[in-house]
Amino acid sequence: MKLTMRLLFLLIFGLTTTGVFASGEQPEPTEQDSGAHGEEATYDPVTTIMGHISDANEFHLWGHVSIPLPIILYAPDQGFTFGLSSMFHHGETAVDGYVLNHGRVNRVVDRSFPTGHVDLGEHAVHMSSHEVDGKERDLGLLSYNGQEYELEQPSTLDGGLVGGGITSFYDFSITKNVFTMLLAAFLLVLVWGSVRRSYEKNEGKAPSGLQSLLEPLFVFIRDEVTRPMIGEKHYERFQPFIMSLFFFILFCNLFGLIPIFPGSANVTGNIAVTLCLAFLVFLVTNLNGNRHYWGHIFAMPGVPKWVLIILTPVELLGLIIKPFSLMIRLFANIAAGHIIILSLIGLIFLFGNNGESVAGAGMGAVVGTAFTAFMNLIELLVAFLQAFIFSILAASYIGAAVEDHEHHGHEHHDEEEAHGYAAAVKHQH
Amino acid sequence: MYSILLADFNVLKPDPGLLFWTLVVFAFVYFFVGRAAFKPIQKALKKRDTEIQESIDEAKRVQAQMAQMKDDNARLLAEAREQSTRIIAEAEAYAKKRREEAVEEAKEAARKVSADAQRDIANLRDSAMADLKKEVGAMALDIAEKVVRKELKSDASQTALVKELVNNLN
């Protein structure tokens, strides 16, 4: 009993020390330094977490140490600007009117700002809250030669719905997310290329090595996703697309779970990535839709004419809603996972009262570490689950579009169209 | 401070750069993994599946064939055994018959030989008897001639002579 207690204490103490040590490496406390204005150095969990799940133009490690990434900027009035993110010196140097604000490239709105490399000095870039249309908004500001210059963020395509919009420049850089996607893509090519070669080498033999590790996964997706969802007749045509979706999402999700370089990027928790994938699913589904598919959308058979006035707009909306739900589901799940883990890590700084209370920080470390470990395991499940759900739903949408409708099974198919996924799953069993 | 949450929620703002790169990277994945790896793997798996199915079918077919052949063999063996038994029985019967025939022939021959011999013996005896009778007749005539001749000298001598002749005769 006594021994057990002692071991328990040792374990907790050990966790505490490692937690505190780990917390020393966390970038959170230094995050505010670059834009710090005295009292702003306090830990702000929302800003920190949002900063961490956002895309960035550099791989921030700790303090002023980061791995530089290539910069490709385009401004209609200035043309292209190339370089490495290290040229901005973490916000202390402006290049052709561009500066680094919390890891992201911003542009000085005032065109009279000097071009070329301009030394700004420490803490030149900072944030300030402004009242815009009755809402408080953060605004990037640049202090240079005693003057305050307004900064603007790269263009986004939300049309101002969530605070973004088209600005004077576009950021086509290899950002943290792009870097991780490229890494995932190369890893996929490497892994599956080697597996493919094994199939050539081991033809007519039992699988071996990596091949036998990945074959069950491949067969699982084939037998549980593509074959039942798309149907025996068409599944082979769409299988490369569905499997590419699954493994691309899976690898990106898994990279996001690695807390240090080259992981940690919130790739599939960024709406641009899921928007792009969902749009591709939308294209593939509707470009392959057959006569029956369109017939069911514009004139559902077996329905009175006057009902079609309501039903057809609903079906047309469904065309958009289906991929939209794909986009939101993946984005929300992965972003939420990152936010929860970052919040739990943030407990260390909240409990520690910004470094005033070491005991509090220790307590936070114990709680945070335990919960983070637990959440990480759940996120591991979610990484597989969301990749699976995205691909199975994409497959079911494509399946509904290419399905051959025979007359004897008409009612059943109508029901399937109406209930979408649920009926499709039921149909599978 | 928390009211700015949505404004700061950068991940909800689709960045055209990220969109562009996602498209590029996914196209890369689709062509260099999807089409270059998943397609051949699917083909290889399908080929292996059919091969395995074919092997199982083939094995089942061969097994059935083997069973059939085994049955055939057993049947042939039984037939052969039956035939051999029949042949042996036939041979035995034939041999027995032949033996009996031979014995019968031998007996017949022996009977014939002995009959011939007896007939010869009888013939010889008959001829011998005839010869003997002839000889005895001749001797009797001879004796009678000598008796007749001696009678003429004395009675005594005649008697002695007869006795002597009779003794000779015996």
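The values are calculated or read from the model by the stated rules, or taken from the named source; none is laboratory data. Everything quoted here is computed from the prediction, not taken from an experiment. Here Cβ is always computed from backbone atoms with ideal geometry, including for glycine, and neighbour counts include all displayed protein chains.
List of remarks:
- Evaluation of A:HIS292 against (1) modelled with pLDDT under 90; (2) surrounded by fewer than 18 Cβ atoms within 10 Å (Cβ to Cβ) (one fails), failing number: (2)
- Among the conditions (1) in contact with a Phe, Trp or Tyr (Cβ under 7 Å, 6 or more places away or on another chain); (2) of a type in the set (A, V, I, L, M); (3) closer than 30 Å to A:ASP55 by Cβ; (4) touching a residue at least 12 places away in the same chain (Cβ under 8 Å), the only one that A:ILE230 does not satisfy is (3).
- Flag for A:GLU379 being within 30 Å of A:MET243 (Cβ to Cβ) and either surrounded by 14 or more Cβ atoms within 10 Å (Cβ to Cβ) or more than 27 Å from the chain's Cα centre (by Cα) (or both): yes
- Qualifying residue in region A:223-237 (condition: within 12 Å of chain B (Cβ to nearest Cβ), out of contact with any Ser or Thr (no Cβ under 7 Å at 6 or more places or on another chain), modelled with pLDDT of 90 or more and buried (at least 23 other Cβ atoms within 10 Å of the Cβ)): yes
- Tallying residues that are away from chain B (no Cβ under 14 Å) and either touching a Lys or Arg at 6+ places or on another chain (Cβ under 9 Å) or not in a helix (DSSP H, G or I) (or both) within region A:268-296 yields 4.
- Among the residues listed as A:ALA265, A:ALA185, the single one being facing another protein chain (nearest Cβ under 10 Å) and either small (Gly, Ala, Ser) or buried (at least 23 other Cβ atoms within 10 Å of the Cβ) (or both): A:ALA185
- The single condition among (1) at pLDDT below 85; (2) closer than 29 Å to A:CYS252 by Cα that A:GLU406 does not satisfy is (2).
- Condition met for A:GLU203 (acidic (Asp, Glu), exposed (fewer than 15 other Cβ atoms within 10 Å of the Cβ) and not assigned by TED's automatic domain parsing to the domain that holds A:ASP77): yes
- A count restricted to region A:76-126 and to residues that are under 22 Å from A:SER54 (Cα atoms), buried (at least 19 other Cβ atoms within 10 Å of the Cβ) and either not polar (S, T, N, Q) or not assigned by TED's automatic domain parsing to the domain that holds A:GLY165 (or both) stands at 16.
- Scoring A:ILE321 on the criteria (1) under 22 Å from the mean Cα position of the chain (by Cα); (2) farther than 25 Å from B:PHE9 by Cα; (3) surrounded by fewer than 19 Cβ atoms within 10 Å (Cβ to Cβ) leaves a single failure, condition (2).
- Matching residues in region A:152-182 - criterion: being in contact (Cβ under 8 Å) with a residue 60 or more places away in the chain, small (Gly, Ala, Ser) and at the interface with chain B (Cβ under 7 Å from one of its Cβ atoms): A:SER173
- Meets criteria (within 14 Å of another protein chain (Cβ to nearest Cβ) and either part of a helix (DSSP H, G or I) or within 22 Å of A:LEU393 (Cα to Cα) (or both)) for A:ASN376: no
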